[in-house]
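Working notes, beginning with the structure itself.
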Amino acid sequence: MTSGQDRVQVAIVGSGPAGLSAAAHAAHLGMSHVLIEKTDHLSDTIFKYQKGKHVMATPSNLVLRSDLDFDAGSREEILGIWDRQIAEGKVNVRYNAEVTAITGDKGAYVIEVKGGAPIHAENVVLAIGTQGNPNLLRIPGAEMPHIQYQLDDPGEYFDEHITVIGSGDAGIENALGLAADPAQRNTVTILNRRNSFARAKGANVKLLEEAEADGRISVRRETSPQEVRPGELVLDTRDGEEVIRCDRIIARTGSKPPRDFVEAIGVQFASEERDAFPQLTPTFETTKNGVHVIGALAGYPLIKHCMNQGYDVIEFLNGNTDLKPADQPILEEKFAKLPDRYPVEHWLDVIGSNVAIFRELSPLQLRELLLDSTVEAFAPGEAVFIRNEPGSSMFAIAQGSVAVEVNPNDPSVTVPIEEGSIFGEVGLISGRRRGATIRAAEPLVVVELSRNAALKLIATVPSAGRVVNQISIERQLLQMFGSGLTREDVAALVQQAEVVDVRAGQKVIEEGAEDRDIYVIRRGSMIVEKDIGGKPVFLSYLPAGSYFGEMAVIDGSKRTATVKAAIKSEVVRFPGEAFNALLDAKPRLREKALEEMAGRREVTAFVEARKDSFGSAADMYSETAQFLVDNGIGEATDVLLIDETLCVGCDNCEKACADSHEGLSRLDREAGRTYAHLHVPTSCRHCEHPHCMADCPPNAIKRGPDGEVFIDDTCIGCGNCQRNCPYGVIRMDAVPPEKPGLLSWLLFGKGPGPGEASYSWRKEHSGEGQAKLAIKCDMCLGIDGGPACVRACPTGAAIRVAPEKFLSVTREGGLD
Amino acid sequence: MATVAEDESPRRERQSDHEGFLAHKRMRWLKIALLASLVAILSYALVDVTPRHNGGSWYGYTLGTIGALLIVWLALLGIRKRKMTEGKWSLKAWTSAHVYLGLSLIVIATLHTGFQFGWNVHTLAYALMMLVILSGIYGIAVYATLPAQLSNNRREMTKGQMLDALDAIDRQLENAAQPLGRAESDLVIGALEQDPFAGGIGARLTGRYPDCRTVEALDAMAHLDGDAASGKVLSLLRKRKAQLDQIRRHMRIRAMLEVWLYIHVPVTIALIAALTAHIVSVFYYW
């Protein structure tokens, strides 16, 4: 059928999930077709997964629409089912056919195949994915045979020195697989160009760090390969060149769309960005008529999406242009709550064209985004959220407008936000609570994007990222400098703003320097220090939302103190001249700034004047503050400290914690670091951007009404949060049985008494099969009176402080 | 240098004062206790009871009632401490009041006696009360001074970690002792087999363990320091000694922080019994 001038209706290039599903449906409909596969087996990407790898079937709420079956299972099961169904469905597959070029136009495409007869087709469906196009090593010796770009079975290598290059999930999973069985006696090294594994999932990084600590894997940071030699690899490390033994290299540095090949066909991409995807219509057609793109090459890496698209594209080609995407029922349900009962397409159109940050999204991307978001309608006057509520989602106004109550004492003072704009972005970026109450000003329809959906949008759609950035900077400026300013006043400043990432400990401003920029902290926090006699003296702590550096800008002096990041932070830099211009235009603002400056100058002068008499008190003060910051208090919102000059070690705090909850203590008083009798016990700090929340499958970790981070009862006990917490404050344990009451213990000695029962007692008295779930401090959420640990401390040693306040703790006997 | 973001909200009762129980709320309970004592002393001087002050006058009954109620309330701290009910209470405030009002009992109860003592149940109750108060004063003293020592001695280790460190040294010691001669091996084995913390309450409170075989082994082997195998064992024995010292100091300080409760609490119960007898007998013979 494919030989000679026989022309098929559709040629499908690539037999991954998308291509397979398309071919299966074409065969089912009786369309003439051919499925072209480069290798001698189907679905090469999944074929090359590690042996036995569990393949997920997410998103779970999306129905599968395909002639092939698919459900979560092992790589082998899934490939087995597909091989059988493709054979049963009489799908016409051409194996070992590498496509070199596609020429022609709709109705008469010619597909050149390496070393074989060309294929003629009316339509082409490109389902080639991106995995077939891995980023290759570009160093001397990169052509050697012991370099490979995938790992099929980590169990087949023995006694080898293997180096994995790449710091993403694939690289880490490969390295872990190779080192999993010590009986294989492999020496596994993983190289990371950077200092941290930021691109990988937190749980994978944790496992890698554990393997490193056990000595199973050698992790080399800030190291890149320089030259491959037989049996050796030359490394470029921070400390210079180094040669290590290396029998095998596994390079996992990602893959990208084979852009040159696709563009040669005549298909245009959405933008010049490196990661951009081809431009598509809702029927997956590219800018070249008759050429369709589906699957990972269209920007959909998930198997279910791919299979649905394969089915859909064949339906479209078969003339069924009314076919609704598989996610239609989910969207219908989402929009059902809105007034007027318009069809899904109407709302997609309204949202896509009205909201600025969605304008560059394709209809497909918008559908995808809305699957992860909620859509809600509000009547005029109804509150969308209230000041000081916790919340990290972002809202986009699809219809109507809102009023922001900028003055907490007078709700009648409002600022409008118009249709198409966004709000709530401050919580998204800084992790802090809502800064103002926002109410609908007219009948309102908003899209609420979850934190993850919003972050993904910002990261993948550059224009959306720019808009969010600009709006958030503008709003932050208006909020900081108070009322009386308008958007027009700060427009010049916003235009020149630049967002800068700052590493923990990195100096943003150095004392004595003559630069003239002003900064606003967007996320994270800073500490201010002054150099006195060669030692840094701690002056203050600045949380997100503060600004600094304006003194030098206003009066042209040198920097009077050093400002450095307490944790990884993000600051916005504004040029000093632009700020000065704003002050010139607004004399009232200058007055206010000068007033605030005078206060700060006093502190600096005070420190300066007393520098000779400081001695150990100031050192102690600075070092204690530094100790607290080092222990994660820089990212804490609320932390338990124990003053060890008062703590008698009665452990009543732990007992109270256990008795206030289900009988398990969420804090370990004795463990943890101590400095100058100030002890940071193992207990939750309620971080601004909680590490535990990052990878919770059921989204069971939430922020409560007082900013506390807690785990709700949907926890499945997977342990991700425990691994992700850098402070070790989450424990996994089963809920213990009910204890006899206090009086029966006191009078008759029944039960284990106050506090957490011993492990043996719990084991003896609990029923079978109790699941271990994650437990952490919830700051006694819902318990009248507040945290039990503090209430139950007999001597006042246990105190709870927010970082803004911890200065007063360290100050005891310090500068005052 | 900069402007701090506006304070966010009236948070729930999360922020707590950094004040010890003695200084709680600027010594509120000290002031109240002093005032109460002063009023008692002044009224004792001013009120004219005939023929002389005694527990049986209307004035004596008043002081006695106040004292008895105080004793009952002070004893309830034991329940309060263990009953984690909800509500806006603070055990620190209770402790503070317990300390100062307990001390004021010295004045109130002594004046209640009218300085009439004898070999009877009434004086027994008074004596028991004074014993409880004295043990309490010791408690205040150690609570004020020992926690800092406890913290210094811990050096960021938990007790479990200290014991683990000891175990690790013991394992090394066992290996290192293999090449030693019979006599030296026996010394090391003897040290390892001994329970280094046995010695009863005296050893616990003084921190002195005169029969410590680790020390004995160190003394007996001191002359062998030049030899490589013995030198290694000796250095491990010294480490073991240092680790034992840390644990023993920890136990000693903890014991001193707790020992007074073994008087304070049982005597309180005896006091309540004697007090009941005192009150019943007074009313019976009225």
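The values are calculated or read from the model by the stated rules, or taken from the named source; none is laboratory data. Computed from a prediction, not measured in an experiment: that's the story for all the values here. FYI the Cβ positions are ideal-geometry reconstructions off the backbone, even for glycines, and counts take in every protein chain you see. Calculation scope for accessible area: heavy atoms of the full protein, side chains included, ligands and nucleic acids excluded. Shrake-Rupley method; radii C 1.70, N 1.55, O 1.52, S 1.80 Å.
Figure legend: label point modelled 7 angstrom from the Cα of A:W745 along Cα→Cβ; residues of the stretch A:638-660 with amide N under 13 Å from it are A:652-660. Note on surface exposure: A:Y675, B:Y284 rank B:Y284, A:Y675 by accessible area, highest first, 1.4 Å probe.
Round to the nearest 0.05 the FRET efficiency obtained for A:K106 and A:T39 when R0 = 22 Å and r is the Cβ-Cβ distance. Efficiency, rounded to the nearest 0.05: 0.15. Report note on the peptides B:194-202, B:72-80, A:261-269: ranked by the mean count of other C-beta atoms within 10 Å, highest first, their order is A:261-269, B:72-80, B:194-202. To the nearest 0.05, how large is the calculated FRET efficiency for B:T62 and B:R249 if R₀ is 60 Å and r is the Cβ-Cβ distance? Efficiency at R0 = 60 Å is approximately 0.75.
Label positions at A:S758 and B:L76, each projected 7 Å from the Cα along the C-beta direction, are separated by 3.3 nm. By the Cβ-Cβ criterion of under 4.7 Å, the unpaired cysteines of chain A are A:C246, A:C306, A:C647, A:C650, A:C657, A:C687, A:C696, A:C715, A:C718, A:C725, A:C780, A:C793.
Given a cut-off of 19 Å, what percent of all Cα-Cα pairs of the stretch A:328-463 lie beyond it?
Values: 4450 of 9180 pairs.
Of the Cα pairs, 48 percent sit more than 19 Å apart.
Using every pair of distinct Cα positions in the stretch A:486-528, the Kirkwood expression returns a hydrodynamic radius of 12.6 angstrom.
Averaged over the residues of A:539-546, the number of partner chain Cβ atoms lying within 10 Å of the residue Cβ comes to 3. Counting only protein heavy atoms and using a 1.4 Å probe, the accessible area of B:Y44 comes to about 40 Å². The stretch A:252-310 and the stretch B:108-181 have Cα centres separated by 74 Å.
Beyond 29 Å between alpha-carbons counts as too far, so tell me which of A:K304/A:K337; A:K750/B:K241; A:K739/B:K159 fall in that bin. Provide the component values of the computation, followed by the final result.
Details: A:K304/A:K337 27 Å; A:K750/B:K241 40 Å; A:K739/B:K159 27 Å.
From the list (A:K304/A:K337; A:K750/B:K241; A:K739/B:K159), the Cα-Cα distance tops 29 Å for A:K750/B:K241.
Rounded to the nearest 500, the helix-only mean residue ellipticity at 222 nm of chain A stands at -8500 deg cm²/dmol, with each DSSP H run of n ≥ 4 adding -39,500 (n - 2.57). Residues whose amide H lies under 5 Å from that of A:G505, counting only those 5 or more places away or on a different chain, are A:A565, A:A566, A:I567; hydrogens are built 1.01 Å from N in the peptide plane.
How far apart, in nm, are the 7 Å Cα→Cβ label points at A:Y95 and B:E193? Distance between the two pseudo-spin positions: 7.4 nm. Computing FRET efficiency as 1/(1 + (r/R0)^6) for A:D214 and B:A127, where r is the C-beta to C-beta distance and R0 is 51 Å, gives about 0.20. The antiparallel fraction among DSSP beta bridges confined to chain A stands at about 75%. 3J(HN,Hα) along the stretch B:119-134, derived from phi through the Karplus expression 6.51 cos²θ - 1.76 cosθ + 1.60 where θ = phi - 60°, amounts to 8, 9, 5, 5, 5, 4, 4, 4, 5, 4, 4, 5, 5, 4, 5, 4 Hz, with x in place of Gly and Pro. Relative to the current alpha-carbon distance between A:L29 and A:A504, full extension at 0.36 nm per residue lengthens the span by 165.0 nm.
The angle between the Cα long axis of helix B:24-46 and the main principal axis of chain B comes to about 40°, on a 0 to 90 degree scale.
Taking all protein chains as they are arranged and a probe of 1.4 Å, the heavy atoms of A:E333 leave approximately 140 Å² accessible to solvent.
Averaged over the residues of A:782-792, the number of partner chain Cβ atoms lying within 10 Å of the residue Cβ comes to 6. Normalised by 2.2 N^0.38 Å, where N counts its residues, the alpha-carbon radius of gyration of the stretch A:282-333 equals 1.14.
Using the Stokes-Einstein relation with a Kirkwood hydrodynamic radius computed over Cα pairs, the translational diffusion coefficient of the stretch A:147-251 at 20 °C and a viscosity of 1.002 mPa s comes to 158 µm²/s. So, in nm, how far is label A:K456 from label B:K25 when the simple model puts each one 7 Å beyond its Cα toward the Cβ? For the pair A:K456/B:K25, the computed spacing is 5.4 nm.
Rounded to the nearest 10 Å², what accessible area does A:R516 have for a 1.4 Å probe in the complete protein model? Counting only protein heavy atoms, the figure is 80 Å². The stretch A:496-612 gives an Rg/Rh value of 0.96, both radii derived from C-alpha positions and Rh following Kirkwood.
For a protection proxy built on the mean count of beta-carbon atoms within 10 angstrom, sort A:169-175, A:622-628 highest first, please.
Per-residue Cβ counts within 10 Å, averaged per peptide and sorted highest first, yield A:169-175, A:622-628.
With Rh defined as the Kirkwood radius, the inverse of the mean 1/r over Cα pairs, the Rg/Rh of chain B is 1.17. Screening chain A for DSSP H helices whose Cα atoms reach 27 Å or more along their own axis and whose mean Kyte hydropathy is at least -1.0 gives A:462-481, A:587-609.
Using just the Cα positions, wrap chain A in a convex hull and report its mean projected area in square nanometres, one decimal place.
Numbers: hull surface 165.8 nm².
Its average projected convex-hull area is 41.5 nm².
Angle of helix B:159-176 to the longest C-alpha principal axis of chain B, folded into 0 to 90 degrees and rounded to 10: 20°.
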